[in-house]
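Read through the structure below, which is laid out as C-alpha cells, and then see the notes.
Taken together, the values in this text are just the output of simple stated rules run on the coordinates, not laboratory data. Quick caveat, the model's predicted, so the values are computed rather than measured. All Cβ positions, even for glycine, are placed from backbone atoms using ideal geometry, and neighbour counts span all protein chains on display.
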Amino acid sequence: MFKFRGALRALKKNTGGTAMKKRSFAYAATWAFIASAFMSLAQPASAQQTKPGIERMYVLYCGDIALNDASSFTPGASGPGALTVTCYLIKHARGWVLFDTGVGDHIIDMPNGQKSRAGVWSVKKTLQSQLAELGLKPSEINYVALSHSHGDHVGNLNLFPQSTLVVQKAEYEWKPPLGVSPFKPGMKAITPDGDHDLFNDRSVVMIATHGHSPGHQNLLVRLPKTGAVMLTGDSVHTKANWDGGRVPKRNFNVPQSLAALERMRAVLKEAKAQLWIGHETSEVPLRKYAPAYYD
C-alpha cells in the first residue's frame, strides 16, 4: 500500500550529498505520515476508541416473595404464587451503576421471613455479601438507579448514602400510601422527567414506564457482546402478564400501565433488545448470576 518501502529505497539510491540526504529523510517522513494517517482511517471506530463505555453487567439475587394470591400480580392466576427479586450491577468506564436494591438484607436473620401485604419476603443471600464477593464496598457504587420506590426494590437503599440516585421526578416527589418516603433529605439525586441517558452514550438509558407507580422506569442496557437488554422493574411482573398484555389491578394507574407495555414493545423493537423480567421465577435458571457476568 502506497509502495512505501519501494519509494524509500529509490530515495536512498538516487540521492547524494548532505542536502539530498536531508530531502530524502523529509520525503520518507512525509510518506510515513501519510501511511500512518491512512491506516488510522482504515481502522474501525471501535479500534480507535480509547475509552470504552459499558463493560459488563452482573445479575444479583435480591430476595424471594411468596405470594398469598398469585392473581394479585397475575390476573387470571389462581392459588398462591412466587416471585423472585433481581438487582443488576453495571460496570461502566465512568463508574458502577446498581439498578434496584432488592429486599432488605436484614431479613436474612428472620427465619420465617417478613410479612407484607402481598405475602412473605425472604432472603437467602445478602446484596452486601454479593458485592463483597466482587471486591466491592457499597461506598464504591457511584449510581443507584431505581425502577420505583416499593419496598422490594429499595430495601437496601440505606447501604448507599454516598451514591447518586437516579429516579424519575414523579417517583421522587410521590408520597407513598403509608406516608414514608425511602428518599432521605440530602441524598444526591438525578430526577429526570422522562427518558434519561445516564452517560450520554446510549449504553445505560432510563425508559419512563409510569403506571405501576407514579414514576416507574425501566432500564435499557446496551452490552458490547450480549446486545441490548431491557430490565423491567415492576412494569412487568410475570411472563404471563407480558404475553397476555395484562397488569395488576393494584397498580397505581392501570391505563398508564397498559400504555407502558405498548411503549416497551416499541422500544424493544427499535433497540432489538431482549426483555428480562426481574420477578419471573422461570427466568432464574436462564440467567448467569454473579460472579459470572454478561459483557
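Provide Rg and Dmax in Å for the stretch 54-286, with only Cα atoms included in the calculation.
Looking at the stretch 54-286, its Cα Rg and Dmax stand at 16.5, 46 Å.
Say each of Ser116 and Lys175 gets a label point 7 Å from the Cα, pointing the same way as Cα to Cβ; how far apart are those two points in nm?
Inter-label distance under the simple model: 2.3 nm.
How about Lys115: which aspartates and glutamates have a C-alpha closer than 14 Å to its C-alpha, ignoring those fewer than 8 places off in the same chain?
Asp64, Asp69, Asp152
In whole Hz and in residue order, list the ³J(HN,Hα) couplings for the stretch 202-219 that follow from phi through the Karplus curve 6.51 cos²θ - 1.76 cosθ + 1.60, θ = phi - 60°; x for Gly and Pro.
Per-residue couplings from phi come out as 6, 8, 9, 10, 6, 10, 5, 9, 4, x, 4, 9, x, x, 5, 9, 8, 10 Hz.
When the Karplus curve 6.51 cos²θ - 1.76 cosθ + 1.60 is applied with θ = phi - 60°, which whole-Hz ³J(HN,Hα) does each residue of the stretch 68-81 get, with x for Gly and Pro?
For the stretch 68-81, the Karplus curve yields 5, 9, 4, 5, 5, 10, 10, x, x, 6, 9, x, x, x Hz.
Given Lys124/Lys272; Lys125/Lys272; Lys188/Lys249; Lys91/Lys272; Lys225/Lys269; Lys184/Lys272, which pairs have Cα atoms separated by over 29 Å? Could you put the intermediate results ahead of the total?
Values: Lys124/Lys272 34 Å; Lys125/Lys272 33 Å; Lys188/Lys249 33 Å; Lys91/Lys272 22 Å; Lys225/Lys269 18 Å; Lys184/Lys272 37 Å.
In this structure, Lys124/Lys272; Lys125/Lys272; Lys188/Lys249; Lys184/Lys272 exceed 29 Å between Cα atoms.
Ranking request for peptides 283-293, 249-259: highest mean number of other beta-carbon atoms within 10 Å first, then the rest in descending order. Spell out each step's value before the answer.
Working: 283-293: 12.5, 249-259: 15.4.
Listed from highest to lowest mean packing, they are 249-259, 283-293.
Ranking Leu157, Leu98 by Cβ neighbours within 10 Å, fewest first, what do you get? The partial results should precede the final answer.
On the way: Leu157 22, Leu98 28.
Neighbour counts put them in this order, fewest first: Leu157, Leu98.
Counting Lys and Arg as +1 and Asp and Glu as -1, what is the net charge of the other residues whose Cβ lies under 12 Å from the Cβ of Gly81? Numbers along the way, then the final one.
Details: positive: none; negative: Asp64, Asp69, Glu280.
Around Gly81, the charge tally is -3.
Long-range amide H contacts for Ile54: which residues qualify at under 5 Å (H placed 1.01 Å from N, peptide plane, sequence gap of 5 or more or a different chain)?
Ala93
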